[in-house]
1. Would you please name the residue that is surrounded by the fewest Cβ atoms within 10 Å (Cβ to Cβ), looking only at residues in the stretch 349-402 that are aliphatic (A, V, I, L, M) and assigned to a loop (DSSP other than H, G, I, E, B)?
2. Taking the options ALA380, ALA374, name whichever one is outside the structural domain of ILE96 (by the TED database) and under 12 Å from the mean Cα position of the chain (by Cα).
3. Just checking, does the stretch 116-124 include any residue being of a type in the set (Phe, Trp, Tyr), within 13 Å of the chain's Cα centre (by Cα) and either under 19 Å from VAL36 (Cα atoms) or modelled with pLDDT under 95 (or both)?
4. Given the residues LYS396, LYS385, which is the only one that is within 30 Å of LEU231 (Cβ to Cβ), touching a helix residue (DSSP H, G or I) at 6+ places or on another chain (Cβ under 7 Å) and basic (Lys, Arg)?
5. Restricting to the stretch 281-297, name every residue that is surrounded by fewer than 19 Cβ atoms within 10 Å (Cβ to Cβ) and of a type in the set (Val, Ile, Thr).
6. Show me the strands (runs of 3 or more DSSP E) found entirely inside the stretch 24-103 where at least 1 residues are modelled with pLDDT of 95 or more and among the aromatic types (Phe, Trp, Tyr).
7. Which of the residues belonging to the stretch 316-338 are assigned to a loop (DSSP other than H, G, I, E, B) and under 26 Å from the mean Cα position of the chain (by Cα)?
8. Contact list please: Cβ distance under 7 Å, first residue in the stretch 250-263 and within 23 Å of SER386 (Cβ to Cβ) and of a type in the set (Ser, Thr, Tyr), second residue open to solvent by 10 Å² or more (accessible area, probe 1.4 Å) and in a helix (DSSP H, G or I), pairs at least six apart or on different chains.
Amino acid sequence: MTDQTRRTFLQQAALGAAVLAYPSSTVLGANDRVRVGMIGVGDRGNDLLDQVRSISNVDVVAMADVYSRRRDQAKSKVSGIQTFIDYRQLLDRKDIDGVIVASPLHIHARHFLDTLAAGKDLYAEKTMTWSIPEADRCLAAVKGSDRVVQIGLQAESSGALTDAKQWIKDGWLGKVTHVESWMSRNTPHGKGQWVRPVPSDCTAQNVDWTAFLNGRPDRPFDGYRLINWRLFWEFAGGNVAENMVHQIAWIMSALDLPLPSSAYMSGGVFSEKDGREVPDTIAVTLDFPDLVVTWQSTFSNKHYELGDRILGSDGTIEHHLEEHAQYWPEKINRPDGAEIRGRTPDQNHMRNWIDCIRSRKAPNAPAEIGYRSAIAVHMANLSYKSKRRLTLEEAKAVTPEF
């Protein structure tokens, strides 16, 4: 453990302990206005800002971001919003009920733990953390807290998940031994997925570069890495952290799966040789007791887009993005079964969080599913980096490296 890593660990451990001592806030009534702050308002953060602003009786009162352009954009969207460079000033406001964290992945744990320590309810974007040790610390902090924590795994609020759980509970699938899942995209030749232009005002004068690095090795300001952090391991987790995490969380919830016992991930940078470190073509195998889950992805073909198939001895469930789940019986074992299309509507994931702030009920994507899906992501990435199959115990023993 480096000196910087040791200091970060001790700071975050102290923050986790602080959650226990922070007094609970008053329960809000159904008609009370919820006051929200945001940490990180880039592309994804702006999507979440629009989502929360569309919910009645919610005020977005403050935001924090290291980049001046994003603070100015928030002011242009939300009249009277207070903006900060240092997110800790936002957390110091006593009138904020909940905080949305949409910062880059490598800063999630810091913002996650500090938000809980400040006594705020939390909406944390996926993947929950950048590493396994961070995931362990964040889950421990949640268990020692009475705060409402929702992870940005929107498929956990889908009607397809509700229907799939019911069909599985009713025994329509029989014995499940394999789940297939996939996600594919494409871009014009010469343009890699996620690559964004660097605005002319993205300069050292307009960015708190040290805060963005968050303990990574110091180096001169690099606007390309700030804007395109998803391309680099020290800041990101690749496409398993951006997209597989949604699907593996959905599968884990549907089948009530534990942590994977082992993982293997192969692939590479094959679509566009544009300097990225994270792979754009991926095949993942996750082992569970008596069950294998596979996930594959490419950025060179979008024909099959995104989907999941749960394969059972008595039936099959198939699920596609923003569609109802479908069920087909295996006639050899369920001759009287009928094909069925789910009808349960989706819930608004952000509204679910706001409703739970008022009611203090558990949200649809609590920290526990955020944790399990994050561990699956990290096991896959660690396997890819080590070029071998990795068990859960081996993955947990790895010291994260920047």
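The values are calculated or read from the model by the stated rules, or taken from the named source; none is laboratory data. Keep in mind that what you see is a predicted model, and the values were worked out from it rather than measured. Every residue, glycine as well, gets a Cβ built from its backbone with ideal geometry; the counts of neighbours run over all protein chains shown. Note: areas computed on protein heavy atoms with side chains; ligands, DNA, RNA excluded. Shrake-Rupley method; radii C 1.70, N 1.55, O 1.52, S 1.80 Å.
1. That would be ALA362.
2. Just one listed residue meets the conditions, ALA374.
3. yes
4. It is LYS396.
5. Matches in the stretch 281-297: THR281, THR285, VAL292, THR294.
6. 82-84
7. LEU321, GLU322, GLU323, HIS324, ALA325, listed by residue number.
8. Short answer, once both residue conditions are applied: SER261/LEU392; SER262/LEU392.
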